[in-house]
Structures are given as C-alpha cells and as structure tokens.
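Below is one structure, written out as structure tokens, with a few remarks after it.
The values are calculated or read from the model by the stated rules, or taken from the named source; none is laboratory data. As the structure is a prediction and not an experimental result, all values here were calculated from the model. Heads up, the Cβs are rebuilt from the backbone with ideal geometry, glycines too, and the neighbour counts pull from every protein chain shown. Surface areas here come from the heavy atoms of the whole protein model, side chains and all, with no ligands, DNA or RNA. Shrake-Rupley method; radii C 1.70, N 1.55, O 1.52, S 1.80 Å.
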Amino acid sequence: MSVTTVFPQHVIAKKRDGGVLSRDEIAGFVRGATDGSWADYQLSAMLMAIVWRGMTPQETAHYTEAMMHSGVVADLSSVKQPKADKHSTGGVGDKVSLHLAPMVAACGVAVPMISGRGLGHTGGTLDKLEAIPGFRVNLPLAEYRAELERIGLSLIGQTADLAPADKKLYALRDVTGTVESIPLICGSILSKKLAEGIDVLVLDVKFGRGAFMKDKAKARELAQALVSVATQMGKPTRAVMTAMEQPLGRAVGNALEVVESIECLKGRGPEDTMAVTYALGEQMLVLTGAAKTTAEARERLEQSISRGTALQKMRELVAMQGGDAVVVDEPSRLPRARLRVPLAAPRAGFVADVDAMAVALAALRLGAGRAKAEDSVDHAVGVSDLVKIGEPVAAGAPLCVVHANDEKALAEANAMLTKAIAIGSNAVAAPRLVDEIIGA
Ligand code: URA
C-alpha cells in the first residue's frame with residue numbers, strides 16, 4: 001500500500017459529498033487514527049460523514065483491511081489444527097462462547113478467541129471468565145499461541161497491539177452518535193476477529209429487544225455485509241441469525257452464567273442455549289472441513305458432551321490460564337451473592353413474556369454489568385432459574401432467583417423483574433430462536 005499524503009479535510013469533504021474513497025484515502029484515515037496524525041475532530045467528522053453517506057462494499061473491504069493491519073495480525077501457522085472462531089453481536093444471557101469453544105476444540109478444531117468486555121447491560125465473555133478465581137484473560141500473544149499449540153483453545157482479551165485503530169475509533173463513535181453504521185461496525189468487528197489468526201469465522205448476529213440491532217432487517221443487512229467482507233478477505237464466514245427477545249438460558253450474571261455453561265458441558269444445558277450452541281458449532285466444524293455435513297458436526301459436538309471431552313477441555317483451559325480448575329467440578333467455589341431471594345409469581349398462568357432488555361437492566365442494577373467502561377462488575381450477582389416464555393407457573397411459584405449483595409438494589413431489581421415477566425391466562429408458543437443462516 002503506498003503512503004501518499006492524504007489531507008484529512010479533502011477526504012472528509014469527499015465522503016461528505018457522497019464520493020467513493022480510494023484505498024489510499026481510507027488507509028490514510030485509519031493511519032491517522034492509529035498514529036494520531038488526524039485530530040479527534042477530524043476523525044469524528046469523518047465517522048459522521050460515513051454514517052450519513054455509507055460505504056460501497058469495496059470501500060468497506062478496504063476499511064476493514066486497513067483496520068485489521070493497524071496493529072499486529074497473529075501468526076498461528078504453528079497451530080496445526082484448522083482454526084475457527086465465533087463472534088456474537090451480543091445478547092442478554094449469552095454465555096455460548098464459554099462452552100462452545102471447548103466443545104469445538106474437543107472436536108479437533110482450534111479455537112483462538114479474543115473477546116471483549118461487556119459495555120452493554122451485562123458482562124461480556126471476559127467478565128464471565130474472570131468470575132473464575134485466578135483466571136487470567138490478559139495473556140500476551142506469545143502465550144496465546146503457546147496455549148493454542150498445546151490444548152487447541154485460548155480465550156483472552158484484546159491486546160493493545162491488536163487493531164489499535166478500532167480502539168481509538170470505537171471510543172470516538174461511542175460519544176459522537178456514530179456507532180450505528182454497517183460499514184463502521186463491519187470494520188470494527190472484523191478487524192479484531194481477522195487479526196486473531198483464524199481460518200474461518202462464524203457469527204451469531206442477534207436481533208430483537210435485547211440485541212444491539214433491534215430490527216431484524218437491519219441485523220440481516222449487517223450479517224450479509226460481515227459475511228461478504230470477511231469472505232472477500234479470504235476467510236470463509238457464515239452468520240447465524242438468532243432472536244434475542246427473551247434472555248438466552250435461565251441465568252444472567254457473570255458467575256451464574258459460568259455455572260450454566262458448565263451445566264451445558266455436562267449435558268444439562270437449557271434447550272434454547274443448546275439450540276444456538278449447536279447451530280454455531282455445526283457451522284464451525286463444516287466450514288473448517290472437520291465435518292462434511294451439519295448432521296455429522298452435530299453428532300460430534302453431542303459426543304464431546306456425552307464422552308466428557310468438552311468438559312475436560314474446559315478444565316484444561318481454566319488451568320492453563322491460571323484459574324481454579326476445580327470450579328468445573330465444584331461450581332459452588334465461584335463467587336456467591338450474600339442475598340439469594342426467589343421472586344414469586346403474582347398469579348397462576350403461563351409465561352407470556354420475559355423482556356430481555358428489562359432483565360438486563362435489572363442485572364445492571366444489581367451490579368452484573370457496567371454503565372461506563374471504567375466501572376467494575378460484581379461477578380456474583382444476577383438472576384438464575386429464570387422462567388421461559390410458554391412455561392406454566394403456579395401462583396407464588398418462583399419466576400427466578402435474584403442474587404444480590406445489597407438490599408436496595410435487590411428491591412429495585414425485584415420491581416424491574418416483576419414488570420419484565422408477564423403472566424397470561426393462555427399458553428403461548430416459545431418464539432423461534434435460530435432464524436436463518438447467511439452465507440451457507
Ligand atoms: N461491536 C464491535 O466490536 N464494534 C462495533 O462497531 C459494534 C459492536
């Protein structure tokens with residue numbers, strides 16, 4: 001790529017007026033974000049111009065490529081197995097990475113997974129892993145590679161040298177109303193994932209009340225753009241579109257979700273969580289060629305649970321990253337909240353609704369998530385044993401158990417959850433969860 005001088009004001013004006021940017025112009029913008037040669041006001045103006053004018057598929061591919069090469073791209077050629085990762089656009093109670101990664105690794109596909117912290121209402125994968133005493137997520141890339149060579153699995157946080165342009169631009173987008181742009185989201189997500197050193201990528205693109213993209217048509221557009229750009233960049237990619245109207249599984253909160261993930265690995269996972277897990281895992285095995293068909297992939301993933309190999313991978317992962325691996329067999333060693341109180345159903349009937357966003361806000365009130373990037377999370381708190389849409393309930397029976405470390409937060413969360421869970425007189429069907437696979 002040539003390093004011709006690109007004047008910020010010219011590039012900004014060109015995009016403002018609806019022009020199509022060249023590869024050099026886009027590279028200049030991304031370089032300006034990385035080395036500080038563009039001022040924050042110029043970067044912000046450029047981001048807003050992209051939000052308004054959009055980018056062509058070619059511009060989006062150039063942008064993603066420049067973002068990915070703004071830092072190091074991990075070289076995992078020493079890892080002999082095929083390498084697949086999964087990324088979720090994020091949902092309430094979405095703990096799938098925690099058990100899917102060891103399941104896929106147990107099937108002979110390496111899983112290099114670099115995740116983020118939750119900035120939404122509940123914790124992200126790293127927050128959940130850090131609920132395990134001693135678990136280290138801040139591993140340097142050399143240790144990440146060594147772990148992958150040894151056990152075929154590593155789950156770490158983003159290092160400073162991985163896609164640094166995204167760190168800069170995302171922080172600006174967050175405070176300038178420029179998050180909602182498909183090309184910008186594409187560049188942000190894919191730059192980080194493609195820098196991990198993967199061969200293939202599977203995306204869980206969620207839509208609905210509890211999702212980042214509420215609107216299904218918009219989520220589908222994002223899924224198509226992600227699949228198309230990543231495939232163009234030589235990484236076979238598929239997206240599984242999944243609904244996020246009610247929380248996934250029955251637990252929301254960091255340690256509580258670790259417990260539920262361990263249950264998944266023991267063959268006792270909630271039906272909806274396992275449906276999403278298998279849909280994603282099947283695509284990971286098929287795309288890497290580890291299985292010829294989704295049926296064969298499903299069988300192998302099921303065997304990883306029934307034979308205990310996935311659970312063993314989880315023990316290895318926790319031990320390799322400095323965590324207390326006994327937790328896998330004794331989840332009671334995880335942090336526990338001081339107050340654990342059932343929330344009683346106000347009447348008998350059927351669960352008509354469990355509003356994912358409202359449950360997430362209740363979990364946030366308890367301290368399970370962070371409202372600002374610098375906030376800390378309480379690993380112990382959250383909601384467990386949550387009812388699912390369509391289930392019958394008796395008057396006074398528990399709708400969930402609320403785990404709190406503070407009486408005032410407990411009372412407020414109880415009030416929020418009482419509103420979030422609607423009981424009706426008639427049975428309703430559970431909503432369809434796995435909707436469509438893009439790129440298959
Ligand atoms: N997640 C990301 O990592 N980046 C975005 O732009 C949006 C969601």
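What to note about this one:
- Given +1 at the Cβ of Lys and Arg, -1 at the Cβ of Asp and Glu and no other charges, the dipole of the chain around its Cα centre is 240 debye to the nearest 20.
- D_trans [Stokes-Einstein, Kirkwood Rh over alpha-carbon pairs] for the chain, 4 °C, 1.567 mPa s, µm² s⁻¹: 58 µm²/s
- Degrees separating the helix 216-232 axis from the principal Cα axis of the chain, which is the longest one: 50 degrees
- Exposure ranking of K292, K218 by accessible area [1.4 Å probe, largest first]: K292, K218
- Among 30-39, 382-391, the order from most to least packed when residues are scored by Cβ within 10 Å on average: 382-391, 30-39
- If only the Cβ of Lys and Arg carry +1 and only the Cβ of Asp and Glu carry -1, the dipole of region 318-440 around its Cα centre is close to 320 debye.
- Contour minus Cα-Cα distance for R338 and E221 (0.36 nm per residue): 37.7 nm
- Counting 0.36 nm for each residue step from K80 to A146 and taking away their Cα separation leaves a gain of 22.6 nm.
- Which of G93, I437, S181, positive extreme of dipole for the chain (C-beta unit charges): I437
- Extension gain (nm, one decimal) between R136 and D17, 0.36 nm per residue minus Cα-Cα: 38.1 nm
- Residue-normalised accessible area of region 335-424, given per residue in Å² at a 1.4 Å probe: 43 Å²
- Accessible surface of the chain, 1.4 Å probe, proportion on carbon and sulfur as whole %: 54 percent
- Relative contact order (%) - region 84-328, alpha-carbon pairs under 8 angstrom, separation at least six: 31 percent
- Counting all C-alpha pairs of region 84-328, share separated by more than 23 Å (%): 46 percent
- When the Cα atoms of region 315-429 are aligned to their principal axes, the ranges along those axes come out at 50, 30, 23 Å in descending order.
- Most positive-pole-ward Cα, A146, V428, V387, against dipole of the chain from beta carbon charges: V428
- Modelled label reach - E302, point 7 Å along Cα→Cβ, region 244-266 residues with backbone N closer than 17 Å: 264-266
- The alpha-carbon of K216 sits under 22 angstrom from the alpha-carbons of these lysines, leaving out residues fewer than 8 places away in its chain: K86, K95, K206, K388.
- Comparing L21, A33, A45 along the charge dipole axis of region 8-54, the residue lying farthest to the positive side is L21, per the Cβ-charge model.
- Angle in degrees between helix 96-106 and the longest Cα principal axis of the chain, rounded to the nearest 10: 80 degrees
- Peptide ranges 233-245, 52-64 listed from the most packed, as the mean C-beta count within 10 angstrom indicates: 233-245, 52-64
- Share, in percent, of DSSP beta bridges within the chain that are antiparallel, nearest 5: 50 percent
- Rounded to the nearest 10 degrees, the angle from helix 356-366 to the longest Cα principal axis of the chain is 80 degrees.
- Amide H contacts of G134 (H built 1.01 Å from N, under 5 Å, at least 5 apart or other chain): none
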